[in-house]
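Take a look at the structure set out below.
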Amino acid sequence: MKSLWKKVSVIVVSGFLTIGTTQSASAHAGFDNRGVVPTKGTSSVVLLRIGHGCTAPDGVTKLATHSVSAVIPTALIATPASAAMQIPGFDAVVVPSAEKDAAGVSVSNTITWTAKDDIFDVNPVGFAEFGIRGNWATAGKHWVDTTQICRIATKVVTPAKIKTVTDPTTKQKIKAWFPASTKISYQELKISWSIHDSAAATVLSEDKTSETGPAPSITIAEPAVK
C-alpha cells in the first residue's frame, strides 16, 4: 500500500475556482488525494473539496452550499455504484447518464450529495470534502464536471386569524381559529464547473444567479512496470 505521505502526487486540480464578491457566487472546487497516487487498476479515495459557499447577486450576502454533484465518466470509474462517500446530514445518490456507448453502457454516472435539511448546509465561510472511491479504469487526464448549488431562502409568515368556515357535518357557518404559519421558498444559485479548459475564463449569467467555469480534473497514473 502506498504511503499516505508519498510526496509524488498526480492529482491535477485544473480548476482552482474563484468568483469575485460582485458576482453571483464565490467558491472553489478541487481534488485532494491525501498523497496517494490514483493508479489504473487500483482502488483509492479522492476528496472533492468545496469551499466558501456562494455570494448572492447583491454581492454581499453569503450563502451556504445545499448540494454538490460530480459527473464521473465511466472511463474514470467503470462501476461507481458504491463510489459516493456517505456524509452525516447528506443523502448521496448515484444516477447513470441517459447517454450510452456502443455497448449500451452509460457514458457517465452523476453522484449528488444533498443536505437533508438546511441545518446541514455547508457554512459559507468553511469548506467540505466529498469522497469518491473508485477502481480507476483508464490512465490519463479525466475531467469531472462539478455543480454546486446554494439557496436563498425567503420566508412568508401568515399571522394567526379567525375565519368563517362551513362545518362539513352541520353545514352551518362557524368561526374557526387558524394558527400562524410560515412558508419557505428558495431561489437557487448554481456554479457549474464544466469547461474542459483550465485556462478558460468564467462566465457569469446576466441575472448573477449562475456561473460556468473550468472543471477540476484528475490524472490517473499507469501502473508501475514490474
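Failed condition for SER210, given (1) at positive phi; (2) under 15 Å from the mean Cα position of the chain (by Cα), with all others met? If we test SER210 against (1) at positive phi; (2) under 15 Å from the mean Cα position of the chain (by Cα), just (1) comes out false. Going through the range 42-87 one residue at a time, which ones are under 26 Å from ILE119 (Cβ atoms), part of a strand (DSSP E or B) and not polar (S, T, N, Q)? Across the range 42-87, the qualifying residues are LEU47, LEU48, ARG49, ILE50, GLY51, CYS54, LYS62, LEU63, HIS66, VAL68, ALA70, ALA84. Among the conditions (1) at pLDDT below 90; (2) over 22 Å from SER198 (Cβ atoms); (3) touching a Cys at 6+ places or on another chain (Cβ under 6 Å), ALA25 misses just one, which is (2).
Of all residue pairs spaced 6 or more apart or on separate chains, those with beta-carbon atoms under 8 Å, a first member in the range 207-226 that is of a type in the set (D, E, K, R) and a second member that is open to solvent by 80 Å² or more (accessible area, probe 1.4 Å) are GLU211/LYS190; GLU211/VAL203; GLU222/LYS40. Return only the number of the condition from (1) without any contact (Cβ under 8 Å) to a residue 12 or more places away in the chain; (2) basic (Lys, Arg); (3) under 30 Å from GLY134 (Cβ atoms); (4) in contact with a strand residue (DSSP E or B) (Cβ under 6 Å, 6 or more places away or on another chain) that LYS173 does not satisfy. The number of the failed condition is (3).
Cβ-Cβ contacts under 6 Å between residues 6 or more apart (or on different chains), taken from a first residue in the range 152-169 that is in contact (Cβ under 8 Å) with a residue 24 or more places away in the chain to a second residue that is basic (Lys, Arg), are listed as VAL156/LYS183. The criterion of at least 1 residues that are touching a Lys or Arg at 6+ places or on another chain (Cβ under 7 Å) is met, among strands (runs of 3 or more DSSP E) falling completely within the range 88-151, by 90-96, 127-135.
Answer with yes or no whether VAL94 is without any contact (Cβ under 8 Å) to a residue 24 or more places away in the chain, surrounded by 14 or more Cβ atoms within 10 Å (Cβ to Cβ) and either under 21 Å from PHE31 (Cα atoms) or hydrophobic (A, V, I, L, M, F, W, C) (or both). For VAL94, the condition - without any contact (Cβ under 8 Å) to a residue 24 or more places away in the chain, surrounded by 14 or more Cβ atoms within 10 Å (Cβ to Cβ) and either under 21 Å from PHE31 (Cα atoms) or hydrophobic (A, V, I, L, M, F, W, C) (or both) - is met. Within the range 153-192, the residues that satisfy the criterion of being polar (S, T, N, Q) and in a strand (DSSP E or B) are THR154, THR158, THR164, THR166, SER181, THR182, SER185, GLN187, SER192.
One line per residue, one yes/no per condition, for (1) polar (S, T, N, Q); (2) open to solvent by 40 Å² or more (accessible area, probe 1.4 Å):
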residue	(1), (2)
HIS52	no, yes
LYS62	no, yes
THR79	yes, yes
PHE90	no, no
ASP101	no, yes
VAL125	no, yes
THR138	yes, yes
TRP143	no, yes
THR146	yes, no
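Just name the residue that is farthest from the chain's Cα centre (by Cα) out of those in the range 31-69 that are within 30 Å of GLU188 (Cα to Cα) and among the charged types (D, E, K, R). If we take residues in the range 31-69 being within 30 Å of GLU188 (Cα to Cα) and among the charged types (D, E, K, R), then ASP58 is farthest from the chain's Cα centre (by Cα). Looking at GLY41, is it open to solvent by less than 20 Å² (accessible area, probe 1.4 Å) and at positive phi? So GLY41 does not fit the description; no.
The values are calculated or read from the model by the stated rules, or taken from the named source; none is laboratory data. Please read all numbers here as calculations on a predicted model, not as lab measurements. Neighbour counts are summed over all protein chains in view; Cβ atoms, including those assigned to glycine, are modelled from backbone coordinates with ideal geometry. To get the accessible areas, we keep the full protein, side chains included, count just its heavy atoms, and leave off ligands, DNA and RNA. Shrake-Rupley method; radii C 1.70, N 1.55, O 1.52, S 1.80 Å.
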